[in-house]
Amino acid sequence: MTLDVNLLGAYYCALAAIPALKGRGAGKIMTIGSGIGHRGLAVTSAYACSKAGLWMLTRVLAQELWPYHISVNELIPGPVVTDMSGTQAAQRQGVFGIEGEWIKNPDDVVPLALFQATQPVIGPTAQSFSLMRRDN
């Protein structure tokens, strides 16, 4: 299930969007990655593997779509409070397992997403942009 949502979901969304982006002659695809997909974390094998696969999908799609002026980048928000993750107080007690990390609200992620979305056509591609405070 985790692989289906995190990796295959992104793959199929990209496949659905690519013809329209090619038709426009330019575009951007932004994937939502995780630091765990770059470094792993015990007892998160399905999640870590799904996000590692997404990281590679981002890089490969960027190479394949560069000739069409379509950039593909990864946004790594770090821990974000959502309905699935519970309250910020619970997260500070270790739900995310990242001691000292900045626990973000969804609005905290918007500036980095807008930065990616507003880069020029010849701007960055195959890159990972992170809001994590440090490498854990």
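FYI, it's all coordinate maths here, none of it is from the lab. Remember, predicted model here, so these are calculated numbers, not experimental data. Here Cβ is always computed from backbone atoms with ideal geometry, including for glycine, and neighbour counts include all displayed protein chains.
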Handout entry: Structure-based [θ]222 nm, the chain - -39500 (n - 2.57) summed over DSSP H runs of at least 4, per residue, nearest 500
Key = -12500 deg cm²/dmol
Handout entry: Set of lysines with alpha-carbon distance to residue 104 below 26 Å, sequence-local pairs under 8 removed
Key = 28, 51
Completion exercise
Residue by residue through region 101-110, the couplings from Karplus 6.51 cos²θ - 1.76 cosθ + 1.60 with θ = phi - 60°, in Hz, x for Gly and Pro, are 6, 5, 8, 9, 9, x, 4, 5, 8, 4
Handout entry: Angle between the chain longest axis and helix 45-65 axis [Cα atoms, degrees, rounded to 10]
Key = 20 degrees
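Loop sites only, by DSSP: take the trypsin sites (Lys or Arg not before Pro) in the chain that have at most 14 other C-beta atoms within 10 Å and name the longest stretch containing none of them.
On the way: sites that count: 133, 134.
The segment 1-132 is the longest one with no such site.
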Practice task
Output ³J(HN,Hα) for region 3-8: one whole-Hz value per residue in order, computed from phi by the Karplus curve 6.51 cos²θ - 1.76 cosθ + 1.60 with θ = phi - 60°, and x for Gly and Pro.
Solution key: 5, 4, 6, 6, 9, 5
Completion exercise
Checked against the structure, the computed Rg/Rh (Cα atoms, Kirkwood Rh) among (1) 1.08; (2) 0.99; (3) 1.05 is the one labelled (2)
Problem - Extension gain, residue 45 back to residue 5 (0.36 nm per residue minus Cα-Cα distance, nm) - result: 12.9 nm
Exercise for the section: Determine ³J(HN,Hα), in whole Hz, for all residues of region 19-36 in sequence, where each value follows from phi through the Karplus function 6.51 cos²θ - 1.76 cosθ + 1.60 and θ = phi - 60°; x replaces Gly and Pro. Expected result: x, 5, 5, 4, x, 6, x, 5, x, 9, 10, 10, 9, 10, x, 8, x, 5
Handout entry: Residues whose placed amide H lies under 5 Å from that of residue 75, excluding near-sequence neighbours
Key = 31, 32, 33, 129
